[in-house]
Amino acid sequence: MNAPDTAPKALKDAATVTEVTHWTDRLFSFRVERPRSLRFRSGEFVMLGLPGDDGKPILRAYSIASPSWDDELEFYSIKVADGPLTSRLQHIEPGDDIILRPKPTGTLVLDALLPGKRLWLFATGTGIAPFASLMRDPETYEQYDEVVVMHTCREVAELDYGRELVESLPEDPLIGEFVGDKLKYYATTTQEESPRMGRITDNLTSGRVFDDLGLPPITPESDRAMVCGSLAFNQDMKTILEGYGLREGANSKPAEYVVEKAFVG
Ligand code: A2P
């Protein structure tokens, strides 16, 4: 006799949605039950999606935004009105099933970096997702004295998901003691007035972020970096980081920085 939780699901690799939060009319996050066999390293991504009209799955890469110790998986997504997946995914509700291929991979992992003192996490838009995972992983704080998150969006409301998370962490009952005062947050907007403005690239090259946070400039001896945003942002950041003397790393060959493209729609 089958127990109810072993009954076959209608979809292959199904995961049931537990929570959906709409942050703006263009951004939402959602949580799903974690398949029991799924192990991943904070910062990795999986393929997820929904069945298409022809029955074939429509899958996209999504960074896992929750930490590796969490019982559930969290994702953070853009909504694209005519996007094949997100036009439909934005309507999911608790109890619905999505498709989740349980094969995590990616380069934004602590293992791809050589040991260092300060970890910089540079994100635009939904590129904050893998860092939402790393920011909640005690290992991040065990390996680094300081963790600096720079996040830039066009508008203030687009920063809410990341800001609420960062602000909650020092008080978090599970990982607050690891975070302590190690986590620094530097969020800017580019197209709406806010207390801090400007592109990440400009705030680095002008030196403004170092002045504002009271930090020394980035060096290959002490600083490590992870970059996640649009193709153009990633490219510009590579140029800047290489200019500081940092070299790109990978799982197979750790170095001083790693890059990955954020999911775009
Ligand atoms: P900007 O408004 O000046 O273009 P998008 O929604 O286009 O992906 O952009 C998200 C954020 O990333 C925006 O604040 C945008 O600034 C910024 N951005 C886009 N391209 C780059 C780049 N090449 N270098 C730095 N920041 C960028």
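The values are calculated or read from the model by the stated rules, or taken from the named source; none is laboratory data. Because the structure is predicted, anything quoted here is derived from the model rather than measured. Every residue, glycine among them, receives a Cβ derived from its backbone with ideal geometry; neighbour counts consider all protein chains shown.
Report yes if residue 131 is in contact with a Leu (Cβ under 7 Å, 6 or more places away or on another chain), touching a residue at least 60 places away in the same chain (Cβ under 8 Å), closer than 21 Å to residue 209 by Cβ and surrounded by 20 or more Cβ atoms within 10 Å (Cβ to Cβ), otherwise no. So residue 131 passes the test. The residue list 111, 82, 54 contains one member that is under 25 Å from residue 144 (Cβ atoms) and of a type in the set (Asp, Glu), which is 111. When you check residue 31 against the structure, is it under 20 Å from residue 134 (Cβ atoms), among the basic types (Lys, Arg) and touching a residue at least 40 places away in the same chain (Cβ under 8 Å), yes or no? In short, yes.
Within the stretch 186-201, none of the residues are among the charged types (D, E, K, R), free of Cβ contacts under 8 Å to residues at least 12 places away in the same chain and either out of contact with any helix residue (DSSP H, G or I) (no Cβ under 9 Å at 6 or more places or on another chain) or surrounded by 13 or more Cβ atoms within 10 Å (Cβ to Cβ) (or both). Determine, yes or no, whether residue 210 is more than 10 Å from the ligand (Cβ to nearest atom) and either hydroxyl-bearing (Ser, Thr, Tyr) or in contact with a Ser or Thr (Cβ under 8 Å, 6 or more places away or on another chain) (or both). Taking the combined requirement at face value, the residue does not satisfy it. Exactly one residue out of 68, 63 is of a type in the set (Ser, Thr, Tyr) and in contact with a Lys or Arg (Cβ under 9 Å, 6 or more places away or on another chain): that is 68. Screening 218, 240 for residues that are farther than 16 Å from residue 124 by Cβ, among the aliphatic types (A, V, I, L, M) and surrounded by 15 or more Cβ atoms within 10 Å (Cβ to Cβ) leaves exactly one candidate, 218. Between 230, 222, the distinction of being within 16 Å of the ligand (Cβ to nearest atom) and either under 16 Å from the mean Cα position of the chain (by Cα) or not acidic (Asp, Glu) (or both) belongs to 230 only. The residues listed here are 154, 118, 163; of these, the one that is within 22 Å of residue 257 (Cα to Cα) and surrounded by 14 or more Cβ atoms within 10 Å (Cβ to Cβ) is 118. For the stretch 120-207, the helices (runs of 4 or more DSSP H) that sit wholly inside it and include 1 or more residues that are charged (D, E, K, R) and within 16 Å of the ligand (Cβ to nearest atom) are 160-168, 200-205.
Applying the set (1) at pLDDT below 95; (2) buried (at least 16 other Cβ atoms within 10 Å of the Cβ); (3) among the aromatic types (Phe, Trp, Tyr) to residue 144 leaves exactly one unmet item: (1).
For the stretch 252-263, a residue qualifies if it is surrounded by 14 or more Cβ atoms within 10 Å (Cβ to Cβ) and away from the ligand (no atom under 16 Å from the Cβ), and the qualifying residues are 254, 255, 256, 258. Which numbered condition trips up residue 89, out of (1) within 16 Å of the ligand (Cβ to nearest atom); (2) farther than 27 Å from residue 208 by Cβ; (3) more than 13 Å from the chain's Cα centre (by Cα); (4) among the hydrophobic types (A, V, I, L, M, F, W, C)? Every listed condition holds for residue 89 apart from (1).
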